[in-house]
Amino acid sequence: MYVLTLAYKRLVSRPGSSILSVLLFGIGVSIISLIVLADRQVQQSIERNLAGIDLVVGAKGSPLQLILSSVLHADYPTGNISMQQAQRIAEHPLVKKSVPLALGDSYKGFRIVGAPVDYPRLYEASVEEGEWYEHAMQAVLGYNVARRTGLNVGDTFYGVHGFQDVGHAHDDHIYTVTGILQPGAGVVDNLILTPVESVWKVHEEHDHREHYPEKEVQHSHEKNRGYGGAHENHNRESSTHTHDEHHMHNANTDAHAAYEQAGALPLDESSFEENIEQRISALPGDDPLVKIHEKVRDGKDISREQMEAYQAFMEEGRREVEDDREITALLLVYRSAAANIQIPRMINETTHMQAASPALEMNRLFSLLSFGIEVLRWLAWIIIVISGMNIFVHLWNTLRQGMHEIALLRVLGAGRLKVFFLLTGQGAMLAIAGWLLGILLSRGVWLLLPSLYFMPGMGLIAIQWQEIMLLVYAFFTGLLASVIPAVRAYKTDVHFALKQYAHA
Amino acid sequence: MNGCLPADFFTNIAKNTQKSMLTANQLKYEYPGGKGLAFPDLNCGEGESMLIMGDSGSGKTTLLHLLAGILQPVSGSIWLKDTLYSSLTASQRDNIRGKEIGMVFQKHLFIHGLTVIENLLAAQKLAGLQPDSSYLSDLMQGLEIYHLKGEKPHRLSDGEQQRFSIARALANRPAYILADEPTSSLDDNNCRRFMDLIRQPLTPKPVSWIVATHDQRLTKHFSTIYHLKNPEN
């Protein structure tokens, strides 16, 4: 054991070379360790965040971008799609579950996601404090959001447009926090969830103004006047809709009823009622529908014909409200594997939307990245080999300059083997110290990196088995690098070394 | 790691031997180049000191290294107390040397990364002995280097290094100290001082000094002097 103390002392007495050796080794190890950590993190979080989603339907554009933006919440959305069109996909018999997402705003860098409660349930998220949202402008915070922003149940906040910290403030639409989620819900930890209606509400004022310019003042939209068109949602064809067009939609009533049955979309009741009121008041006073409306409002009996006419009127209003509606993406879970072939093709060929498979896109992303990672891995191994050589040179030079020291050790009673182990001990120590430094470096980078790139913190990660393997490699590299100097030390001709030293 | 001898092997030998000695008979050594050297027989009892005189090239260092078990003679025998060197394995010889023989060199040698006291402890540990700090403290005090115990040896003056070298040679309470030209780079004063130091009773049991030198100043201090002749070519 004393040999190891001696090995350590010998290294410390030459701090320059020793630090260089350890540093070089540490850099190589830290790169490999970081690759291991990143690989693990990416695999885990991707798997977790795909959450069984089979397909994402969104606006045309890069499929990878669509997946990144609506599944991993890491990129900008590709654009919006019509809720109505999306609903038709959702009705497909091969679709087991569909979840609409409406994105666009954020609060302090955390994305506000309009989605039904089904969405967080994909991630098995559960409310830790408070309860799920029920109405528009209520919000449930992911665990990290609550922790970082300090918002509590009952607090209010408003979003800004876009995903940056600064943007157009929607300060006339106040969200109220109704609940905070438990941690460990993957990407949902970093999201603010709210009903889709909230997002519509925040962004739809402008549409209303275009639709019902004459009502604008009564509807107290003055605040938003200066802010039209800044929003992609606002540039819609629907702004040119007329009542005639809406009448044509009656032909689709069956389909509509079908997706009502599928239990799809929760309508924002207030804007629906608003729509009915507006349309009633737009009718001439002697229109039969005005009378029926009054009767219904007062709870009076109406005939079957009147009821049918009123239902059609309401349906029309419902459609009108819905037709305008746009969402960012629709997440689908298939009922069977057969959907894999049919649905994406159907969407990509027959609609203006695109379908992207999270699994496929992630594979594509990894194959894009894997080349870079492979290069990095090779680089790291080259650095480790070079640091092995550096250890060899370091030990060799110290030995050459200090053969007399080895001779002295022998004179003092150290056997050949002891001297051999002294040198290999030095090599192994340098390598192990390098490994340790590398592990510390990688953990440091791992803790520091998220704060530099505004990513959620990833926390300390225990040592991985690959890193234990790396320690084994490091150990053997150290031994290998020191074998030649150790053999040289083992073979030291004490007599010759002492004589040479005396005459030097 | 240390040889296979039991720790009390040598003390037992010392107890069982009437008169412990370092003896060399008919020693011959041959350098790899083929140049041969023959040495006179040599007998050094416990506590006796002797001088080995000879010019450079006469084989003084070689003789010391043979006596220390560093080199192996081609013929002849060396006994340390009851032990015949040629009957030992290499690691047993290393072990015996560590425990029984101290060495002092003309140019001072030390382990670079260790302090004075650590160097002395290293001598004990490498010989497989229990570290004995109180003995080392006494030794350093006797040699007036106690105040330097925390210094690195290379920071010491020549005189201090000389005393440090003697302290290390004595660290394991050896029976013999082999000194190779210990005074040749010293002036007269320091040379006298060296002789005073090694005659000082620094250890509980007497130590035999076998000094190899060409320094004539030392002859008057030794009663036993061996002369080595230059080999005839």
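The values are calculated or read from the model by the stated rules, or taken from the named source; none is laboratory data. Every value quoted in this text rests on a predicted model; they were computed, and no experiment measured them. We place every Cβ from the backbone using ideal geometry, glycine too, and count neighbours over all the protein chains shown. Accessible surface areas use protein heavy atoms only, side chains included; no ligands, DNA or RNA. Shrake-Rupley method; radii C 1.70, N 1.55, O 1.52, S 1.80 Å.
Overview of results
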quantity: Simple spin-label estimate for A:E129 and A:E277 in nanometres, 7 Å along Cα-Cβ; calculated: 3.6 nm
quantity: Accessible surface buried once A binds B (1.4 Å probe; total of both sides; Å²); calculated: 2600 Å²
quantity: Separation of the A:K97 and B:S223 label points, Cα + 7 Å toward Cβ, nm; calculated: 10.6 nm
quantity: Leading residue at positive end of dipole, the protein assembly as shown (Cβ point charges), from A:H293, A:I81, B:G76; calculated: B:G76
quantity: Rel. contact order, % - alpha carbon contacts under 8 angstrom, at least six apart, chain B; calculated: 29 percent
quantity: Chain-alone versus full-assembly comparison, the range A:382-425, residues with accessible loss of at least 50 Å² (1.4 Å probe); calculated: A:E405, A:L408, A:V411, A:L412, A:G413, A:K418
quantity: Amide H within-cut-off set for B:I52, under 5 Å, with H built and near neighbours excluded; calculated: B:V211, B:A212, B:T213, B:Y226
quantity: Ellipsoid equivalent to chain B - semi-axes via the Cα gyration tensor, in Å; calculated: 27, 23, 17
quantity: Only Lys, Arg (+1) and Asp, Glu (-1) charged, at Cβ; the protein assembly as shown dipole about Cα centre in debye; calculated: 7340 debye
quantity: Kirkwood hydrodynamic radius of the range A:1-158, from inverse mean 1/r over distinct Cα pairs, in Å; calculated: 20.1 Å
quantity: Within chain B, helix-based [θ] at 222 nm, where runs of 4 or more DSSP H residues each add -39,500 (n - 2.57), nearest 500; calculated: -9500 deg cm²/dmol
quantity: Listed pairs B:K81/B:K205; A:K499/B:K60; A:K491/B:K60; B:K60/B:K149; B:K99/B:K152 exceeding 21 Å between Cα atoms; calculated: A:K491/B:K60; B:K60/B:K149; B:K99/B:K152
quantity: Shape parameters for the range A:458-500, alpha-carbon atoms, Rg then Dmax in Å; calculated: 18.9, 61
quantity: In the range A:271-346, chymotrypsin sites (Phe, Trp or Tyr not before Pro) in a DSSP loop with at most 11 other beta-carbon atoms within 10 Å; calculated: none
quantity: Tail fraction, Cα-Cα pairs, the range A:282-392, threshold 15 Å, whole percent; calculated: 81 percent
quantity: DSSP-assigned coil residues among chymotrypsin sites (Phe, Trp or Tyr not before Pro) in the range A:119-208, each with at most 16 further Cβ atoms within 10 Å; calculated: A:Y158
quantity: Highest-MSF residue in chain B out of B:P40, B:P204, B:P174 [GNM, Cα springs under 10 Å]; calculated: B:P204
quantity: Largest to smallest principal axis extent of the C-alpha atoms in the protein assembly as shown, angstrom; calculated: 147, 49, 42
quantity: For q = 0.19 Å⁻¹, Debye-computed log10 I/I(0) when each Cα of the range B:97-233 counts as one equal scatterer; calculated: -1.12
quantity: Angstrom value of the Kirkwood radius, inverse mean 1/r, which spans all Cα pairs in the range B:65-162; calculated: 15.1 Å
quantity: Integer Hz, Karplus 6.51/-1.76/1.60 couplings in order for the range B:113-126, x for Gly and Pro; calculated: x, 10, 6, 4, 5, 5, 4, 5, 5, 4, 4, 5, 5, 5
quantity: Farthest toward positive dipole pole in the protein assembly as shown [+1 Lys/Arg, -1 Asp/Glu at C-beta], among A:L436, A:V187, A:L122; calculated: A:L436
quantity: Full-extension gain in nm, A:D118 to A:E294, via 0.36 nm per residue minus C-alpha separation; calculated: 59.6 nm
quantity: Descending principal axes extents, the range A:73-156, alpha-carbon based, whole Å; calculated: 42, 25, 22
quantity: In order through the range A:128-134: 3J(HN,Hα) via Karplus (6.51 cos²θ - 1.76 cosθ + 1.60), integer Hz, x for Gly, Pro; calculated: 8, 9, x, 9, 5, 6, 10
quantity: Net charge, B:G76 excluded, C-beta distance under 10 Å - Lys, Arg +1, Asp, Glu -1; calculated: 0
quantity: Top positive-direction residue, dipole computed over the range B:9-227 with Cβ charges, set B:S91, B:A122, B:L178; calculated: B:S91
